[in-house]
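**Q** Can you keep this structure in mind? I'll have questions shortly.
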Amino acid sequence: MQTCERLSITVLVDNYIDMLMQNTPGIRRQGMAEHFLPRRGTPLAENGISFLIRATTAGRTTTILFDAGMSGIPIIHNAAVLGIDLAEVDQVVLSHGHPDHFGGIYAALGVIGRKVPLIVHPSAFHPRSIRRPDLMIQYFNRDLTEAELIAAGAGIVAVREPLEIAPGITTSGEIPITVDFEREVPTGRMSIRDGHVHPDPIDDYLTVIVDVDGVGLVVLDPCGHSGVLSSLDHAMRLTGADRVHGVLGGFHLGHAGITQEKIERTVEGLVARDLSLVSPMHCSGFRAQRAVAEAMPEAFALMTAGAELTIEKPRDHEPAKK
Ligand SMILES: [Fe+2]
Ligand SMILES: [Fe+2]
């Protein structure tokens, strides 16, 4: 896999917005000036996530939109507030067929305004339902259809395998859950395939892996459906790297029924993997955020809507960052 020399990741959508947070090394946030005197408006938050990834190699930048939030409102509003023209997007990636990740895609494609490749796993289009004694929701991904995506300007690239989509950037393909305690049996989540109803394996779930020259891997894991540790281990196997520099995304530990033990074992796993940057967002939940902040204070970084992370290849005289 190639590397990129400069990576910038802007959070277009997240569950949280905090205008009072300060800038920290490598992370620029919307701050006090906008809080008191909003010139362009302040970012909005919603249940969902969307990243704008810009990777530069040899003076050329590739811009990738990874997920689009839920309603389509914050992604458009926040891009405008941040001074981002979504027409610069070269490629779109959808992590999986859940509405908090694909819901805003039609609004985003409308602003992009031309045909762009859209990478997605084919299983994202299977009808999904929730069937529990207390809750019955049929076909909650009904708005994600190939026909509507194509009509909105997407050139669908349906792949199960990893795909190198730009220098230094690859999609993960299917991620095996290799860490035992991350094997969660989702109760009541069903997928309809070949006319039959099955427990939903969420096998469409994929991450984006970026390799920054001299720094290492950065993994964007938007909803944690394969377990964040299994996703990190998959990224290392895929690239041959022996460690991951950073991970950002939803770690899927905020739900009812997630035990404190699972959170603690996850954080132990993150500590053992010696990450330099850990940003629990979206569906990570407060307990996991707190646990990471306490166990890894140097690595912990809270990214909310409007935050931008920049990672660059160290200059020749600088030692490579750990
Ligand atoms: Fe999800
Ligand atoms: Fe999610």
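**Q** Can you give the FRET efficiency for A87 and I192, using 1/(1 + (r/R0)^6), R0 = 41 Å, r = Cβ-Cβ distance, to the nearest 0.05?
**A** Rounded to the nearest 0.05, the efficiency is 0.65.
**Q** Express in nm, to one decimal, how much length is gained between A33 and E261 on full extension, taking 0.36 nm for each residue of separation and deducting their alpha carbon distance.
**A** 78.0 nm
**Q** Now, a different point. Percent antiparallel among DSSP beta bridges with both residues in the chain, to the nearest 5?
**A** Percentage antiparallel, nearest 5: 65.
**Q** Still on this structure, I have one more. Compute the Cα gyration tensor for the stretch 19-135, then decide on rounded, prolate or oblate, letting a ≥ b ≥ c be the square roots of its eigenvalues: rounded whenever a/c is under 1.5, prolate when a/b is larger than b/c in the other cases, and oblate in all that remain.
**A** Oblate is the answer for the stretch 19-135, as a/c is 1.5 or above yet b/c matches or exceeds a/b.
**Q** I would also like to ask the following. Starting from the Cα gyration tensor of the chain, take the square roots of the eigenvalues, sort them a ≥ b ≥ c, and report rounded, prolate or oblate (rounded when a/c is under 1.5, otherwise prolate if a/b is larger than b/c, else oblate). Don't jump to the answer; show the numbers that get you there.
**A** Numbers: a/c = 1.31, a/b = 1.15, b/c = 1.14.
It comes out rounded by the Cα gyration axes.
**Q** Let me ask you something else. In nm, what is the difference between 0.36 nm times the number of residues separating R114 and L20 and their Cα-Cα distance?
**A** Taking R114 through L20 to full extension adds about 30.2 nm, to one decimal.
**Q** Please sort 131-137, 48-54, 249-255, 151-157 by packing, taking for each peptide the average over its residues of neighbouring beta carbons within 10 angstrom, highest first.
**A** Going by the mean number of other Cβ atoms within 10 Å, highest first, we get 48-54, 249-255, 151-157, 131-137.
**Q** Of the trypsin sites (Lys or Arg not before Pro) in the stretch 166-241, which ones lie in a loop per DSSP and count no more than 14 other C-beta atoms within 10 Å?
**A** On the way: sites: R183, R189, R193, R237; in loops: R183.
Here the sparse-neighbourhood loop sites are R183.
**Q** Could you work out [θ]222 nm for the chain from helices alone, using -39500 (n - 2.57) per DSSP H run of at least four and dividing by all its residues? Round to the nearest 500 deg cm²/dmol.
**A** Per the formula, -6000 deg cm²/dmol.
**Q** Can you put K262, K115 in order of Cβ neighbours within 10 angstrom, beginning with the fewest?
**A** Values: K262 17, K115 12.
With the fewest neighbours first, K262, K115 line up as K115, K262.
All of the numbers you see were taken from the coordinates with simple rules; none came from a lab. Here the structure is a predicted model, which is why all the values come from computation and not from measurement. Here the Cβ is made from the backbone with ideal geometry for all residues, glycine too, and neighbour counts use every protein chain on show.
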